[in-house]
Each structure stands twice: as C-alpha cells, then as structure tokens.
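The values are calculated or read from the model by the stated rules, or taken from the named source; none is laboratory data. This structure is a prediction, so every number in the text was calculated from the model and none was measured. Every residue, glycine as well, gets a Cβ built from its backbone with ideal geometry; the counts of neighbours run over all protein chains shown. Heavy atoms of the whole protein, side chains included, go into the accessibility calculation; ligands, DNA and RNA do not. Shrake-Rupley method; radii C 1.70, N 1.55, O 1.52, S 1.80 Å.
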Amino acid sequence: MPVSPRFSTLNQWLTWMETLHSSEIDLGLSRILSVAKSLDIFHASSAKVKNANCSSPTVITVAGTNGKGSFVRSCEAMLGASGMHFGSFTSPHILKYNERIRVDGVDLSDEFICDVFAQIDEARGDTSLTYFEFGALAALLAFHKSNCDYWVLEVGLGGRLDAVNIVDADFAVITSVGLDHEAWLGNTVEVIGREKAGILRANQTAVLASEDLPDSVFDVAQTLGTKCLVGGKDYTYEKTDGGLKVKLNNNNLVELAGVNLPIPSVAAAIQVMSLLDIAVQASEVRAAVADVKLAGRFEVVAAEGNVLVLDVAHNAMAMELLAKNIAKYADENEVGSVTCVLGMMADKNIAASLAPLLPIVSSWRVCDIPDNKRAATAEYLREVLIGLQPNLTQVAQHQTVSAALNECLGLNKVGDKPNLVVVCGSFFTVCNAKQYLNKVLGE
C-alpha cells in the first residue's frame, strides 16, 4: 500500500517537524532506533545497515567539535572522482534543507525527501522524533532506497547519544574535541571526548585526526579494542607551500597542489579512503580534493568595494582558527579595516568564543536573529564585548544581519584599501548573510 503523505511540500514537512517533539534537542537512541527498525534498514539482529537490494554498504561516521563537514566533503570528492555510488549526511544546512542529504554529491530533490519523510511518519506511529532525528532517519532511508555503496554520516551533537549512532559504522572518525554544547555534553574536554568516542566500536578501525585529543578518547578506544590510526603518529600530514603532503599508514605519499579546507580533516579523509582501497594517489582524485570548497568556511566574497568573509565559526576552537585565517588574509591582502558582523546562539560560551577575535577586529556590528529562539540578542552580545574590552566603543547593534551588512556595504573604503567584513558566529548568521548577498549581488 502506498504511504499517504501528511504534507505535499518540503517546507510544510519542515515546519511541522519543528513542533513534533517537545524539545529541540533530546539526546537518546531509543526513539529513533525503534522507528529505524520499523523501516527495515538493518540486517536481522544487527546494528549494521543494509540497502534495499540487501547489499551491505560501507559506513563511515564522523564526530568532532569542528572539521566534520570538511571531512565529509573531502570524502565526497574522492568517492565521486573514483566513480563510487555514495550518500552523505551533514548538518546543519545553510540555505536549503536539501544540502543535508546528498547522493553522489548532489542534493536530494524535494520530492525524494518528502517521500522518505512520509514513510518515516507512517512507520513512527505514536513515537515523537526531534527535527534532527527525523532528518537523520530520512538520510538513512534515502541511502537504503538508493542502494548507496558508501554511507558517510556526520554526527550532529556529541556522539554516544546522537541519532546517527544507532548505526554500527565500519570506520569511525574523530576530527577534534573542544568545548562546545556544554549543556548537553559536559564542561571539560575529557567528558566531551568520552561522549564523542561513543561512536567507536569493538574491533572497528578508527581514524583520529590528531594526537592532540583528550585522553578519554584513547581510553575508550583501548577499552573497546578499537584499532586507531592517529594523525601525526600512524599517518602524518603537513601543509606545504604548494598544498598538502600526507604520508599514509602504509607509507605511501599523497601530495596535493592546494587545499581549501582544514588540513587535519582533509588528511583524515585521505587516510580513510586509502583504507577503502580508493586510489587516493590518482591525479583525478587528488585534483578533486584540491578543488573542494565548503560554503561558510572562510568563504570570500567581493561586494561593492568590500571583501566579505563568511564563516560559520561558533565556538572557541573554530574562532581561533578563524582569527588566524583573518590575520593571514590581512597580511597577504591589504585591507583598510576589519569589521565583524556577529550573531550567535545564547547557549554558546560567547566570551570564550569572541576572545580570539578581539586583537584583530576594529569594529563590531552585533545582530539579533529574529524568529530564532536560541539566538542571543544583539544587546547581550554587546554587553559581552564591553565586558571583555571595557573601553570598546565601536559596537553597533542591529535588528538583523541584513541591516548590519547594508551599513557595511555603504561604508567608504580607507584610501584604496577595501574593508574586510567578517560575518560569523553561527550557521544562521551566515545563512542570513548569504540570502542578503544573493539579493544585493543578484546571485
């Protein structure tokens, strides 16, 4: 019997999904697992997923405070260049929900997503699911229906109790561990590391992007008997003048002419693909990785005499990297001033996140993000900045990101030097900025 859909459009589904569960975040596996079993995407008595044709896909799950999206996109590039059939799940999206679920590197259509949403709605019965759980199930079901040979799954929050962890992955990856989402994961890196290490399994191979991870990650791996390949130890990587050099665990060398994404994430992806016997040394594969760019990750846009940098950095670790990248860009490209357009979620450690930017930013434009219950107010962001720098005077408040950018684009250049406008603090901030720029620039 065909499933009778609750709604006819993707936007209707998404609006309803936001109200389905009592909490936006409600970590746990019992709800989503019960629905997943009803969808028949697992092999019998197993947490190993299967395709509709009963084949067994290779599953890669990635957790980490930062760098997960870059890892996934790097995997996409190499799998695509090798002619593999794959699905990838990431979150959150920037402009369209479809960005979250991709098959062979292409966003799924509204129609396909609505179809899997309807099947999930039918299967869940009276079980309520969070917005993220519904989406994670949609990705799993889409890859199952599409008979993808490789499933690349990004953890949404933490690891141990995240929705994608209902699946036993063949390969687990941890990119980084820092302080973020403390209300749900804990307020020390050791506790957070243990949560992220929840994606590890016994007798599994894990790739850890750095030796500089909390001891708790290695403790969990040792207890489970997980075989770990550690960046900087079992495989090594270094940035070169021309790009990136990775020495794999089998001593093979992979050199890339250029890399636009965080080096540890790209190197970890290359190591994982090598374990899968993907020809990572092939010229077309190396070229594909070098070409990868990810929206909202130090994305540079020229607009009306200004240079804008869009970056979704939203925690201290990501802001530290952003600060280094801004300093490097300003050193290599003369700029007149550095203005930060900022919008953040109230549940972040805002003071710790902003500290790395203070020596670099000359003026601030703090923004409300209307219709987002989690967002900090512009007034509160201003108070935090003044608390960090009591003599700070260059702080303007705006009701929207668009209003802030409108003011920025109207500023005169300092001599012949363009102004550098950095938009950061949240995926929502970057989303609003891109929507505004699309209208202004006609893109």
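Comparing segment 128-253 with the 2.2 N^0.38 Å rule of thumb, its C-alpha radius of gyration ratio is 1.17 (two decimals).
Here the Karplus relation 6.51 cos²θ - 1.76 cosθ + 1.60, evaluated at θ = phi - 60°, turns the backbone of segment 393-398 into coupling constants of 10, 8, 10, 10, 9, 9 Hz, with x for every Gly and Pro.
A simple charge model with +1 on the Cβ of Lys and Arg, -1 on the Cβ of Asp and Glu and nothing else charged puts the dipole of the chain at about 220 debye relative to its Cα centre. For the set L437, L253, the ranking by accessible area, highest first and with no ligand, DNA or RNA atoms included, is L253, L437 under a 1.4 Å probe. When only Cα pairs below 8 angstrom with a gap of at least 6 residues are kept, segment 325-421 shows a relative contact order of 38 percent. Could you tell me how far the Cα centroid of segment 29-79 sits from the Cα centroid of segment 233-310, in Å? What the calculation gives is 24 Å, centre to centre. Beyond 21 Å in Cα-Cα separation lie the following of the pairs K348/K373; K68/K196; K196/K348; K68/K328: K68/K328.
In this structure K50 has an accessible area near 30 Å², from a 1.4 Å probe over the protein heavy atoms. Computed over protein heavy atoms with a 1.4 Å probe, the accessible surface of the chain works out to 42 Å² per residue.
Direction-averaged projected area, Cα convex hull, segment 40-168: 7.8 nm², rounded to one decimal. With a 1.4 Å probe rolled over the protein heavy atoms of all chains, the accessible area of S362, S337 falls in the order S362, S337, largest first.
The helix-based estimate of mean residue ellipticity at 222 nm for the chain, built from -39,500 (n - 2.57) per DSSP H run of four or more residues and divided by its residue count, is -11500 deg cm²/dmol to the nearest 500. Considering only N438, H398, F171, and ranking their Cα positions along the charge dipole of the chain that arises from unit charges at the beta-carbon of Lys, Arg, Asp and Glu, the one farthest toward the positive end is F171.
Let me check against my output: what whole-number percent is the relative contact order of the chain, with C-alpha pairs under 8 Å and at least 6 apart? Over the chain, the number comes to 14 percent. Under the Kirkwood approximation applied to all pairs of distinct alpha-carbon atoms, what is the hydrodynamic radius of segment 1-104 in Å? Over segment 1-104, the inverse of the mean reciprocal pair distance is 16.6 Å. Counting only the Cα atoms, segment 115-173 fills a convex hull of 90 Å³ per residue. Per residue, the convex hull spanned by the Cα atoms of the chain amounts to 146 cubic angstrom. Counting heavy atoms of the protein chains alone, H93 has an accessible area of about 40 Å² for a 1.4 Å probe.
Plainly put, segment 374-443 has a radius of gyration that is 1.00 times its Kirkwood radius, both from alpha-carbon atoms, as the Rg/Rh ratio.
L409 contributes an accessible area of around 20 Å² to the protein surface, as traced by a 1.4 Å probe with all chains present. Accessible area ranking (1.4 Å probe, heavy atoms, ligands and nucleic acids excluded), largest first, for K439, K434, K37: K439, K37, K434.
A viscosity of 1.567 mPa s and a temperature of 4 °C, combined with the Kirkwood radius over C-alpha pairs in the Stokes-Einstein formula, give segment 270-330 a diffusion coefficient of 92 µm²/s.
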